[in-house]
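Everything below concerns the one structure shown next.
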Amino acid sequence: MRDVVILGSTGSIGTQALDVVARNRDRFRVVGLSAGGGSVDLLIGQIRAFGPRVVAVADPDAAARVAAATGAEVWSGPDASERLAAVPCDVVLNGITGAAGLKPTLAALGAGATLALANKESLVIGGRLVTDAAGPGQLVAVDSEHSAFAQALRAGSRGEVRRLILTASGGPFRGRSRADLADVTPEQALAHPTWSMGRVVTINSSTLMNKGLELLEAALLYDVDVDAITVVVHPTSDVHSMVEFYDGATIAQCSPPDMRLPIALGLAWPDRVPDAAPAYDWSVARTWRFEPLDDEAFPAVELARRCGRAAGTAPAVFNAANEVCVDAFCAGDLAYLDIVATVAAVVEEHLATAPPAAGAHVPDAHLSVDAVLAADAWARQRAAELTARGGAGPARP
């Protein structure tokens with residue numbers, strides 16, 4: 001029996017994780033749940049169904065409602081999830097969205113729990129701070145692509161790996177030219193053809209920004225150079241990623257698109273959970289297609305690669321600026337193509353700024369939590385300034 005804490009329990013990853021737990025109560029016991037407070041009724045239902053010892057809710061008003069309705073011990077405030085991540089347990093699943101997941105990630109690692117990481121941003125922005133804090137086997141990926149790498153890497157030694165092949169669905173705009181994307185609306189960008197995800201992740205998938213974040217995450221998780229990771233478009237999302245070995249063999253992890261499989265692996269790693277998700281019906285004909293990524297139409301991956309080479313605080317700036325730009329796009333204040341263009345402008349300004357000026361790049365050798373959070377704050381402010389002027393696209397003054 002593994003005691004589990006789920007951070008971000010009312011989000012897409014959190015609700016699916018609880019579904020895995022509900023079907024495997026002989027293996028997992030929920031001892032803590034956290035949520036922002038935007039879905040109080042859902043959280044109350046989860047507390048009643050799973051009976052956690054403690055609940056963390058960022059919003060104090062929502063926390064008071066949850067406590068009154070359930071009688072549970074409820075911690076509130078912006079640091080509640082960080083506190084919860086450090087409680088004694090076997091596994092912490094971090095399903096928080098965005099940079100807010102960094103401190104809970106470090107807290108879980110510091111407490112010695114296995115960290116099932118769905119919050120890729122905390123690893124991307126924390127970089128070596130996170131990987132250095134993790135003991136052997138302590139950091140387990142929940143993203144379907146990174147779970148695929150972990151499974152495929154079992155086929156050989158790390159010294160035999162030539163490259164990682166990261167698959168991308170291509171999002172709702174696969175095959176469109178850059179010119180075709182000029183008038184994309186938020187509603188169109190939110191219509192992902194394969195996955196059901198939260199707003200930020202879905203927009204990121206459409207711009208391929210999500211794939212850029214995943215490239216940075218893979219490099220850190222598996223200690224691979226960013227230039228040894230190739231992104232290929234695979235529209236059906238059946239092959240979740242591949243590992244190419246130096247003898248020419250390529251090992252792929254394949255399964256129907258269902259996040260419960262990598263979530264179950266994250267909770268039980270290195271063991272598998274029987275029937276975590278449906279398998280293929282091999283009596284039905286199927287065809288899988290792979291295409292090269294169009295870097296001109298979707299430049300986010302190459303921008304991420306540039307940030308990965310620079311390391312230090314560059315990935316934090318990349319992530320933070322993007323979160324602001326996604327919000328501006330969804331609010332109708334930024335054109336679709338200006339999302340990545342504005343992020344690129346903020347990144348280039350960051351890399352060109354010398355210390356001790358605000359916004360200066362801090363290299364890996366001097367990285368700290370304070371430096372990461374300062375870079376995050378600066379990037380958000382700078383991106384907000386640019387989006388208020390309509391962004392930093394090529395047609396902007």
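The values are calculated or read from the model by the stated rules, or taken from the named source; none is laboratory data. Please read all numbers here as calculations on a predicted model, not as lab measurements. All Cβ positions, even for glycine, are placed from backbone atoms using ideal geometry, and neighbour counts span all protein chains on display.
Side notes on the structure shown:
- Region 273-307: number of residues that are over 23 Å from the mean Cα position of the chain (by Cα) and small (Gly, Ala, Ser): 3
- Condition broken by residue 133, with the remaining ones in (1) surrounded by fewer than 18 Cβ atoms within 10 Å (Cβ to Cβ); (2) among the aliphatic types (A, V, I, L, M); (3) assigned by TED's automatic domain parsing to the domain that holds residue 251 satisfied: (3)
- Some residue of region 95-115 being free of Cβ contacts under 8 Å to residues at least 24 places away in the same chain, under 30 Å from residue 337 (Cβ atoms) and crowded, with 16+ Cβ neighbours inside 10 Å: yes
- Scanning region 380-394 for residues that are modelled with pLDDT of 95 or more and of a type in the set (A, V, I, L, M) gives 383, 384, 386.
- For region 350-359, residues that are part of a helix (DSSP H, G or I) and either over 25 Å from the mean Cα position of the chain (by Cα) or surrounded by fewer than 14 Cβ atoms within 10 Å (Cβ to Cβ) (or both) total 1.
- Matching residues in region 239-268 - criterion: being more than 18 Å from the chain's Cα centre (by Cα) and modelled with pLDDT under 95: 256
- Top-ranked residue of region 157-179 - restricted to ones that are among the charged types (D, E, K, R) and part of a helix (DSSP H, G or I), ranked as nearest to the chain's Cα centre (by Cα): 158
- One residue stands out among those in region 152-168 that are of a type outside the set (Val, Ile, Thr) and surrounded by 21 or more Cβ atoms within 10 Å (Cβ to Cβ): the one that is nearest to residue 16 (Cα to Cα), which is 168.
So that you can scan it fast, the table gives a plain yes or no per residue for (1) acidic (Asp, Glu); (2) at pLDDT below 95:
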| residue | (1), (2) |
| --- | --- |
| 82 | yes, no |
| 88 | no, no |
| 98 | no, yes |
| 107 | no, no |
| 111 | no, no |
| 115 | no, no |
| 118 | no, yes |
| 147 | no, no |
| 153 | no, no |
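- Taken together, 240, 234, 192 contain a single residue that is without any contact (Cβ under 8 Å) to a residue 40 or more places away in the chain and of a type outside the set (Gly, Ala, Ser), which is 192.
- Members of region 11-38 found to be closer than 15 Å to residue 74 by Cβ and surrounded by fewer than 23 Cβ atoms within 10 Å (Cβ to Cβ), listed by number: 31, 36, 37
- In region 342-356, the residues that are on the phi < 0 side of the Ramachandran plot reach residues that are outside any helix (DSSP H, G or I) and among the hydroxyl-bearing types (Ser, Thr, Tyr) with C-beta atoms within less than 9 angstrom, at least six apart or across chains, in these pairs: 350/313.
- Residue in region 180-191 that is assigned to a helix (DSSP H, G or I) and touching a Cys at 6+ places or on another chain (Cβ under 7 Å) present: yes
- Where a residue in region 1-18 is closer than 17 Å to residue 53 by Cβ and its partner, wherever it lies, is of a type in the set (Lys, Arg) and modelled with pLDDT of 95 or more, with Cβ under 6 Å and at least six apart: 1/29; 3/29
- Among the residues of region 381-390, not a single one is under 19 Å from the mean Cα position of the chain (by Cα), touching a residue at least 40 places away in the same chain (Cβ under 8 Å) and buried (at least 17 other Cβ atoms within 10 Å of the Cβ).
- Yes/no for residue 142 being β-branched (Val, Ile, Thr) and surrounded by fewer than 24 Cβ atoms within 10 Å (Cβ to Cβ): no
- Candidates are the residues of region 204-230 that are among the aliphatic types (A, V, I, L, M), buried (at least 22 other Cβ atoms within 10 Å of the Cβ) and over 19 Å from residue 122 (Cβ atoms); the one that is nearest to the chain's Cα centre (by Cα) is 208.
- Residue in region 360-369 that is of a type in the set (A, V, I, L, M), part of a helix (DSSP H, G or I) and surrounded by fewer than 20 Cβ atoms within 10 Å (Cβ to Cβ) present: yes
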